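So the structure is just underneath, and the comments pick up after that.
The values are calculated or read from the model by the stated rules, or taken from the named source; none is laboratory data. As the structure is a computational prediction, the values presented were derived from the model and not from experiment. Because the Cβ atoms are built from the backbone with ideal geometry, glycine has one as well, and the counts that use them run over all protein chains shown.
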Protein chains: 2
Amino acid sequence: MSARDLYHSVVRQALENDGWTITHDPYNLQYEDVNLAVDLGAEKLIAAEKENRKIAIEVKSFLAKSTIYAFHEALGQYINYKRILEWTGKKRTLYLAIPNDIYNKFFVKPFASRIIKEEKINLIVFNPEENHINKWIP
Amino acid sequence: MSARDLYHSVVRQALENDGWTITHDPYNLQYEDVNLAVDLGAEKLIAAEKENRKIAIEVKSFLAKSTIYAFHEALGQYINYKRILEWTGKKRTLYLAIPNDIYNKFFVKPFASRIIKEEKINLIVFNPEENHINKWIP
């Protein structure tokens, strides 16, 4: 299994361990001339809200190339997906899922953390060794 | 010469043909923990403004991979560079330079043109065969 597919399956399992139901794998997006696909769609019943919370999750391994180029691509991909969700009236919150080592090495530092905050990027930090979600940001 | 370097030199020449002076090759950006570099920095005296207009230009070939992934990366890169220019108080307008074939094939269509408008991305469309700038958008 490629590292990319491995991380996909890790995040899928970690979400299920956290009580989410995987409803789409992948979650397809369509807008005019483009067809795109977010890695996963999931739902969870939040009792206090008396309804299902719906999310879409793009898993990024940050393994294939320089961290900064992987970050450029992940940011652009997130913004493109978020715009299509908005334009097509989908009430589904988008998350970028990243492994904990890259989070600790890059995302906590001044540059990436300011971008994440100002561009309002939602993060899921996962531990690939334990099929476990470490944190949801915000 | 690689296609990437060829396009870099085409845009450099096309800007000079258009009356711009290339002042930086590359134009370095620094913010806290990261050092990045935009491909070119240029200036031109605009008589009506009685001062030099300053720009930074990132040249994208769109040759290496799928158009949509190249677009994700170009969008993220543009936003990251624009934020650093803002945060460091630089009064320099950022442009993404793209070849006319990819502009006609992808950027004029509904998805990319709406992203470009809503994310306020400035474009330079160039003709790689003629060392010529076709248009500035907006």
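Can you tell me which residue is farthest from B:ILE102 (Cα to Cα) among those in the stretch B:41-61 that are among the aliphatic types (A, V, I, L, M) and in contact (Cβ under 8 Å) with a residue 40 or more places away in the chain?
Here the answer is B:ILE55.
Specify the residue that is surrounded by the most Cβ atoms within 10 Å (Cβ to Cβ); the eligible residues are those in the stretch A:81-93 that are in a loop (DSSP other than H, G, I, E, B) and at negative phi.
Pass one, the stretch A:81-93, residues in a loop (DSSP other than H, G, I, E, B): A:88-92.
Now narrow it down to the ones that are at negative phi: A:88, A:90-92.
Numbers: A:THR88: 11, A:LYS90: 15, A:LYS91: 8, A:ARG92: 19.
Only one residue fits best here, namely A:ARG92.
Which of the numbered conditions does A:GLU86 fail, given that it passes all the others? Conditions: (1) free of Cβ contacts under 8 Å to residues at least 12 places away in the same chain; (2) more than 14 Å from chain B (Cβ to nearest Cβ).
The failed condition is (2).
Just for the stretch A:103-116: of the residues that are surrounded by 19 or more Cβ atoms within 10 Å (Cβ to Cβ) and touching a residue at least 12 places away in the same chain (Cβ under 8 Å), which one is nearest to A:LYS54 (Cα to Cα)?
Step one: of the stretch A:103-116, the residues surrounded by 19 or more Cβ atoms within 10 Å (Cβ to Cβ) are A:103, A:106-107, A:111-112, A:115-116.
Those left that are additionally touching a residue at least 12 places away in the same chain (Cβ under 8 Å): A:103, A:106-107, A:112, A:115-116.
Numbers: A:TYR103: 24, A:PHE106: 28, A:PHE107: 25, A:ALA112: 26, A:ILE115: 24, A:ILE116: 21 Å.
Selected residue: A:ILE116.
Between a first residue in the stretch A:124-138 that is of a type in the set (Phe, Trp, Tyr) and a second residue that is assigned to a loop (DSSP other than H, G, I, E, B), which pairs have beta carbons less than 8 Å apart while being 6 or more apart in sequence or on different chains?
A:TRP136/A:ASN122
Considering only residues of the stretch B:101-138 that are assigned to a loop (DSSP other than H, G, I, E, B) and polar (S, T, N, Q), which is nearest to the chain's Cα centre (by Cα)? First the steps, then the outcome.
Taking the stretch B:101-138 first, the residues assigned to a loop (DSSP other than H, G, I, E, B) are B:108-109, B:119-122, B:128-131, B:138.
This time we only want the ones that are polar (S, T, N, Q), so: B:122, B:131.
Details: B:ASN122: 7, B:ASN131: 15 Å.
Checked the stretch B:101-138; the qualifying residue nearest to the chain's Cα centre (by Cα) is B:ASN122.
For (1) charged (D, E, K, R); (2) modelled with pLDDT of 95 or more; (3) more than 23 Å from B:HIS72 (Cβ to Cβ), each residue gets a yes or a no:
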| site | (1), (2), (3) |
| --- | --- |
| A:ILE84 | no, yes, no |
| A:LEU94 | no, yes, no |
| A:ALA97 | no, yes, no |
| A:ALA112 | no, yes, no |
| A:LYS120 | yes, yes, no |
| A:PHE126 | no, yes, no |
| A:ASN131 | no, no, yes |
| A:ASN134 | no, yes, yes |
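Residue check, A:GLN77 against (1) polar (S, T, N, Q); (2) over 21 Å from A:PRO138 (Cβ atoms); (3) surrounded by 18 or more Cβ atoms within 10 Å (Cβ to Cβ), all met but one. Which one?
Here A:GLN77 clears every test but (2).
I'd like the full set of residues that are assigned to a helix (DSSP H, G or I) and either more than 9 Å from every other protein chain (Cβ to nearest Cβ) or hydrophobic (A, V, I, L, M, F, W, C) (or both), limited to the stretch A:66-80.
Let us first name the residues in the stretch A:66-80 that are assigned to a helix (DSSP H, G or I), namely A:67-80.
Of everything in the stretch A:66-80, those that are assigned to a helix (DSSP H, G or I) and either more than 9 Å from every other protein chain (Cβ to nearest Cβ) or hydrophobic (A, V, I, L, M, F, W, C) (or both) turn out to be A:THR67, A:ILE68, A:ALA70, A:PHE71, A:ALA74, A:LEU75, A:ILE79.
A:ALA47 - would you say it is small (Gly, Ala, Ser) and surrounded by fewer than 16 Cβ atoms within 10 Å (Cβ to Cβ)?
On the way: small (Gly, Ala, Ser): yes; surrounded by fewer than 16 Cβ atoms within 10 Å (Cβ to Cβ): yes.
It is true that A:ALA47 is small (Gly, Ala, Ser) and surrounded by fewer than 16 Cβ atoms within 10 Å (Cβ to Cβ).
Which condition number in (1) within 25 Å of A:GLY89 (Cβ to Cβ); (2) crowded, with 20+ Cβ neighbours inside 10 Å; (3) within 14 Å of another protein chain (Cβ to nearest Cβ) is the one that A:ALA37 fails?
(2)
Could you grab the pairs with beta carbons closer than 9 Å, sequence gap of 6+ or different chains, first residue in the stretch A:1-27 and surrounded by fewer than 20 Cβ atoms within 10 Å (Cβ to Cβ), second one in a helix (DSSP H, G or I) and among the polar types (S, T, N, Q)?
Listed by first residue and then by second, the contacts come to A:MET1/A:SER9.
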